[in-house]
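Have a look at the structure below, then the notes.
Just so it is clear, none of the values below were taken in a lab; they were calculated from the coordinates. Predicted, not measured: the structure shown is a model, and the values here were computed from it. Cβ: placed from backbone, ideal geometry, glycine included. Neighbour counts: every protein chain shown.
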Amino acid sequence: MANFTSRLAAEADLPALKAVMTASIDALQRGFLSDEQVAASHAIMGLDTQLVKDGTYFVVESEGRIAGCGGWSRRATLYGGDHTSSSRNPALLDPARDAARIRAMYTHPDFVRQGVGKLILSLCEQAAAAEGFTHAQLMGTMSGEALYAASGYRVVERTGADVEGVNVPLVRMEKPLAL
């Protein structure tokens with residue numbers, strides 16, 4: 001098992017993060033989605049640079065390689081990258097009323113099942129709780145659902161995103177955060 005370090009993402013990381021996201025979508029969605037659905041996933045998933053600007057996006061590394069990335073948000077957007085403008089809502093959430101958003105979780109295919117996702121979730125949950133959020137919510141993929149369920153998230157809604165007639169299944173999940 002690899003030794004992992006974590007840090008907040010910086011603007012200089014953006015090209016490498018995009019590469020990890022592409023590799024993750026292409027490799028880890030296979031077996032859960034059809035080839036057509038995997039291709040469509042790129043339209044609804046990807047990099048949200050607002051998370052990096054907000055200082056809420058983490059990078060997990062092993063020996064100088066990005067093993068994974070993911071973040072949380074105090075903004076209303078639940079999922080999607082910079083290119084998915086229709087689903088973006090930059091409004092700030094109220095920690096007393098709203099759930100923090102767990103966002104853009106990706107593990108590089110070379111590092112799956114080594115604890116990268118759990119580490120990122122833990123970092124996000126701790127940071128959101130430190131800002132007063134008592135719940136977290138996410139929109140998960142079929143390949144991520146098992147990780148989220150094992151981490152205490154429960155299914156709120158099974159849904160999907162339509163990408164030019166191709167349905168990409170998604171699952172909205174939430175969890176109370178320990179304060």
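Relative to the Cα centre, what is the charge dipole magnitude of the chain, using +1 at the beta carbon of each Lys and Arg, -1 at the beta carbon of each Asp and Glu, and rounding to the nearest 20 debye? Numbers along the way, then the final one.
On the way: 17 positive and 20 negative charges, 83 e Å.
Magnitude of the dipole: close to 400 debye.
Ordered by the count of other Cβ atoms within 10 Å of each Cβ, fewest first, VAL20, VAL116, VAL166, VAL171 give VAL166, VAL171, VAL20, VAL116.
Taking 0.36 nm per residue of separation and subtracting the Cα-Cα distance, full extension of the segment from VAL112 to GLU131 would add 3.9 nm.
Over the chain, what is the relative contact order in percent, taking alpha-carbon pairs closer than 8 angstrom and at least six residues apart?
Numbers: 356 pairs, mean separation 39.0, N = 179.
Normalised by residue count, the contact order of the chain is 22 percent.
With coordinates expressed along the principal axes, the C-alpha atoms belonging to the chain extend over 41, 38, 31 Å, beginning with the largest.
Toward the positive end of the charge dipole of the stretch 41-179, with +1 on the Cβ of Lys and Arg and -1 on the Cβ of Asp and Glu, the farthest Cα among ILE66, TYR148, PHE111 is that of TYR148. For the pair ASN167 and ASN3, label points projected 7 Å from Cα toward Cβ lie 4.8 nm apart.
Using Cβ counts within 10 Å as a stand-in for footprinting exposure, how do GLU157, GLU36 rank, fewest first?
Working: GLU157 10, GLU36 14.
With the sparsest Cβ surroundings first, the list reads GLU157, GLU36.
Per-residue ellipticity at 222 nm, computed for the chain from helices alone with -39500 (n - 2.57) per DSSP H run of at least four residues, works out to -8500 deg cm²/dmol.
How much length is gained on full extension from ALA76 to ALA96, taking 0.36 nm per residue of separation minus their Cα-Cα distance?
Numbers: separation 20, 0.36 × 20 = 7.20 nm, distance 1.40 nm.
Result: 5.8 nm gained on full extension.
Only Cα pairs under 8 Å and 6+ residues apart enter the sum, and on that basis the relative contact order of the stretch 1-91 stands at 33 percent. Our coupling estimate for the stretch 53-67, obtained by passing each phi through the Karplus curve with A = 6.51, B = -1.76, C = 1.60 and θ = phi - 60°, is 4, 6, x, 10, 10, 9, 10, 10, 10, 9, 6, x, 9, 6, 8 Hz, Gly and Pro reported as x.
With q set to 0.28 Å⁻¹, the log10 of I(q)/I(0) for the stretch 1-64, from the Debye formula over equal scatterers at the Cα positions, is -1.14. Tell me which of LEU17, GLY46, ILE102 sits at the most positive position along the dipole axis of the chain, charges placed on C-beta atoms (Lys, Arg +1; Asp, Glu -1). My answer, from the dipole projection, is ILE102.
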